[in-house]
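To start, I am sharing the structure in question, which I have written as structure tokens.
The values are calculated or read from the model by the stated rules, or taken from the named source; none is laboratory data. Just so you know, these numbers come straight off a predicted model, no measurement behind them. Don't worry about glycine lacking a Cβ; one is built from the backbone with ideal geometry, like all the others, and counts go over all protein chains shown. Note: accessible area is taken over every heavy atom of the protein model, side chains too, but ligands, DNA and RNA are not part of it. Shrake-Rupley method; radii C 1.70, N 1.55, O 1.52, S 1.80 Å.
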Amino acid sequence: MGENIERLAEFVAQTRWDDVPAPVQRHTKLVLLDTLGVILAGAERPEVRQLRERLAGTAGTGATVYARGWPTHDPRTAALLNGIAGRSIELCEGLRLVSGQAAMQVLPGMLAVGEHMRSPGPELLAALALGYDVAGRLAGGFTPRPLAHQNGQVSLLAAAAAGARLRGLDAPGISRAMRIATTLLLTPSYTNAVAGATTLNVAGGMSGFAAALAPELALAGFEAQQDAVEEALGQLVGNAFAPDGVLDELGTEWQITRNYFRLYACCNPIHSALDRLREALAELRPSPEQVARIEVATYRFASVMRNPDPPNYFASKYSLPHAAAVMVVRGNAGFAELDDSALDDPVIAALRHRVQVTEDPAMSAVAPRLRPARVTVTLTDGRQTTRAGDAQRGDFMRPFAEAELRAKFHELAAVALTPEGASRVEDAVESCENWESVEVLTALLHRHGRA
């Protein structure tokens with residue numbers, strides 16, 4: 001194993017929660033709360049619910065599935081199901097300057113392994129922050145293949161490292177678990193997203209599965225080649241991997257604080273255009289029938305999400321015409337607005353075809369450092385306005401107010417918890433370092449779950 005990655009494994013093994021600066025600790029708890037809410041809401045998607053029912057006949061014990069009824073499974077399957085649920089509604093947070101949805105890849109495994117091991121709160125929080133750090137640092141040196149979605153790639157290795165930390169492995173054991181996990185890396189395609197292929201979400205769940213499995217393989221005596229991480233990322237699932245910067249500002253710059261959160265329930269690259277549209281609509285205040293056309297110019301990655309007729313709920317999360325039309329008709333593009341009924345709404349369907357999306361090469365040249373968009377709204381009475389900007393709200397440079405994220409948690413948690421339950425869970429996460437084990441959380445879920 002290369003020296004830089006070996007030292008990264010040592011950092012994961014040796015860092016304690018008390019070593020993490022107070023602002024990073026607070027942000028880690030906010031990431032935990034946000035991710036937990038997304039899992040709770042995503043668990044009620046039809047395909048996720050049906051998968052849970054199909055696997056119930058072979059259910060093991062040891063970890064909770066975060067869904068109504070709070071069933072238990074072995075840690076690997078529980079982490080798999082929770083990770084798939086969290087990916088299914090397109091509201092999870094992610095790394096801002098590199099690609100990856102680190103918390104949703106790391107936390108399901110941490111909850112499952114932590115519950116099985118009866119890990120105290122400080123250990124769980126440290127594993128989340130450290131796993132996130134591994135994800136961001138590996139992603140910074142990783143060049144993925146053009147069509148590859150990064151779920152199940154570098155973040156899977158990060159989840160394995162965090163799982164090994166919770167399982168009690170030392171630095172050599174954590175490095176071995178990471179190297180073993182390279183045999184579990186996936187190659188999901190971005191094409192799944194625009195096609196509405198929900199199999200993409202399985203890749204997210206498999207990171208949690210790996211977090212629980214890879215440490216057990218290491219403990220059982222399985223071995224892996226010394227350069228497994230470098231070879232896998234640089235030659236197998238990716239086009240290149242440069243580990244030189246992996247240790248830059250290690251322990252002083254925490255990747256979990258360089259993230260973005262989402263309030264729009266759709267793919268992050270199109271959020272900048274939606275922010276511009278919101279500004280234009282606030283000025284013009286049109287009814288849907290008054291909108292003659294909406295013209296969007298943005299960078300390439302966002303511009304390909306232009307299908308005006310998404311085939312299903314999941315594909316609608318990757319359609320800028322659909323999200324824009326929903327914002328015009330329903331006033332927002334959040335969890336409640338971008339629901340299944342939006343696909344069948346005739347007013348929204350008609351408006352989708354009046355949204356034109358094009359790539360601006362100058363904008364593509366500055367992405368992903370910037371995420372520019374320009375939106376022009378023209379009304380049937382001739383009024384017109386254009387709004388432009390280089391990024392969306394919600395990342396660490398333009399953060400949401402904490403109250404906005406807490407309101408998001410309550411909205412999502414209401415799918416599975418009573419209002420009192422959501423408040424109790426919010427308070428519990430705030431004092432997570434005092435937990436004797438994850439059972440503090442699961443007991444609240446059982447006590448306050450909706451029927």
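Mind telling me which of the residues A13, A22 ends up being out of contact with any helix residue (DSSP H, G or I) (no Cβ under 7 Å at 6 or more places or on another chain) and either open to solvent by 30 Å² or more (accessible area, probe 1.4 Å) or more than 30 Å from A451 (Cα to Cα) (or both)?
Every option except A22 fails the conditions.
Across region 62-82, which residue is surrounded by the fewest Cβ atoms within 10 Å (Cβ to Cβ) among those that are out of contact with any Asp or Glu (no Cβ under 7 Å at 6 or more places or on another chain) and among the β-branched types (V, I, T)?
T72
Can I ask one more? Counting only residues that are more than 24 Å from Q153 (Cβ to Cβ) and at pLDDT 95 or above, give me the helices (runs of 4 or more DSSP H) lying completely in region 1-105 with at least 2 of them.
It comes to 22-42, 46-55.
Conditions (1) open to solvent by less than 10 Å² (accessible area, probe 1.4 Å); (2) assigned to a helix (DSSP H, G or I); (3) in contact with a strand residue (DSSP E or B) (Cβ under 9 Å, 6 or more places away or on another chain), marked per residue:
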{"site": "M110", "(1), (2), (3)": "yes, yes, no"}
{"site": "G114", "(1), (2), (3)": "yes, yes, yes"}
{"site": "E123", "(1), (2), (3)": "no, yes, no"}
{"site": "R137", "(1), (2), (3)": "no, yes, no"}
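OK, next. Residue by residue through region 235-253, note down the ones that are free of Cβ contacts under 8 Å to residues at least 24 places away in the same chain and under 16 Å from T182 (Cα atoms).
Across region 235-253, the qualifying residue is only Q235.
I'm told K408 meets every condition in (1) without any contact (Cβ under 8 Å) to a residue 12 or more places away in the chain; (2) in contact with a Gly (Cβ under 8 Å, 6 or more places away or on another chain) except one. Can you identify the failing condition by its number?
(1)
Still on this structure: Could you list all residues from region 184-207 that are open to solvent by 40 Å² or more (accessible area, probe 1.4 Å), in a helix (DSSP H, G or I) and at pLDDT 95 or above?
L184, V202, M206
Looking at D345, D340, D275 in this structure, which one is over 21 Å from G42 (Cα atoms), free of Cβ contacts under 8 Å to residues at least 40 places away in the same chain and acidic (D, E)?
Going through D345, D340, D275 in turn, just one is over 21 Å from G42 (Cα atoms), free of Cβ contacts under 8 Å to residues at least 40 places away in the same chain and acidic (D, E): D345.
Another question about this same structure. Here are some residues: D390, D381, D427. Which one is free of Cβ contacts under 8 Å to residues at least 24 places away in the same chain, open to solvent by 60 Å² or more (accessible area, probe 1.4 Å) and among the charged types (D, E, K, R)?
D427
Does A451 satisfy the criteria of being at pLDDT below 95, surrounded by fewer than 18 Cβ atoms within 10 Å (Cβ to Cβ) and not aromatic (F, W, Y)?
When the stated conditions are applied, A451 passes them.
Could you give me the residue pairs with C-beta distances under 9 Å whose first residue belongs to region 5-30 and is over 23 Å from L169 (Cα atoms), whose second residue is of a type in the set (V, I, T) and assigned to a helix (DSSP H, G or I) wherever it lies, and which are 6+ apart or on separate chains?
Final answer for the pair search is P23/T257; V24/I256; V24/T257; H27/I256; H27/T257; K29/V429; L30/V429.
Okay, residues lined up against (1) of a type in the set (V, I, T); (2) under 21 Å from G86 (Cβ atoms):
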{"position": "A129", "(1), (2)": "no, yes"}
{"position": "R137", "(1), (2)": "no, no"}
{"position": "L147", "(1), (2)": "no, no"}
{"position": "I174", "(1), (2)": "yes, no"}
{"position": "T182", "(1), (2)": "yes, no"}
{"position": "N192", "(1), (2)": "no, yes"}
{"position": "F209", "(1), (2)": "no, yes"}
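Does E436 satisfy the condition of being part of a loop (DSSP other than H, G, I, E, B) and either more than 22 Å from I270 (Cα to Cα) or without any contact (Cβ under 8 Å) to a residue 24 or more places away in the chain (or both)?
Considered against the rule, which asks whether it is part of a loop (DSSP other than H, G, I, E, B) and either more than 22 Å from I270 (Cα to Cα) or without any contact (Cβ under 8 Å) to a residue 24 or more places away in the chain (or both), E436 comes out as yes.
Look at A210 and say whether it is out of contact with any Ser or Thr (no Cβ under 6 Å at 6 or more places or on another chain) and part of a helix (DSSP H, G or I).
Criteria met by A210.
Continuing with this model, one more query. Answer yes or no: is there a residue in region 219-228 that is surrounded by 18 or more Cβ atoms within 10 Å (Cβ to Cβ) and outside any helix (DSSP H, G or I).
Scanning region 219-228 turns up at least one residue that is surrounded by 18 or more Cβ atoms within 10 Å (Cβ to Cβ) and outside any helix (DSSP H, G or I).
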